[in-house]
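Derivation of every value follows stated rules applied to the coordinates shown; laboratory data play no part. Just so you know, these numbers come straight off a predicted model, no measurement behind them. Every residue, glycine among them, receives a Cβ derived from its backbone with ideal geometry; neighbour counts consider all protein chains shown.
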Amino acid sequence: MQRGRLYRLASVSCDRVGASEYLADDGSEVVALAWWGPGQAGGPLPALRLLGIDPGLRYREAGTGQEHFGAALMQQGLRLPDDAGLDFGTALVRLTRVSDPA
């Protein structure tokens, strides 16, 4: 990720969470980080709409093996854990590209 791209997805100064996305230079890996503190919690967290990925490809979550279409990650977003009732929390999601265009 050192030579990749950084996208700031949300800021705690104006959103319920802070979030950043790191995209590998070749687009093969994505890491999304989110954090929240008192005042941001209380109810479901908003989904993170990723940027810079290929909408026509699929991406697999490293932790769960769940696959997502790039278009869905960009339009509907990546769901964060349901432990938003905590005063402080963080989430890290690593995605790997699993298909290339035909």
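Counting helices only, and only those DSSP H runs with n ≥ 4, report the 222 nm mean residue ellipticity of the chain as the sum of -39,500 (n - 2.57) divided by its residues, in deg cm²/dmol to the nearest 500.
-1500 deg cm²/dmol
Label points 7 Å out from Cα along the Cβ direction at S20 and T90: separation in nm?
1.1
Give me the log10 of I(q) over I(0) for the chain at q = 0.14, 0.20, 0.23 Å⁻¹, as the Debye formula computes it from C-alpha points; what are the numbers?
-0.51, -0.98, -1.22
Most fluctuating residue of G65, G89, G37 in a GNM of the chain with Cα springs under 10 Å: which is it?
G65
Find how much the distance from L51 to V98 grows on full extension, using 0.36 nm per residue of separation minus their present alpha carbon separation; answer in nm with one decimal.
Contour length minus Cα-Cα distance gives 15.2 nm.
Listing Y7, Y59 from the residue with the fewest other Cβ atoms within 10 Å to the one with the most, what is the order?
Y7, Y59
In debye, nearest 20: dipole of the chain around its Cα centre with unit charges on the Cβ of K, R (+) and D, E (-)?
Dipole about the Cα centre, nearest 20: 140 debye.
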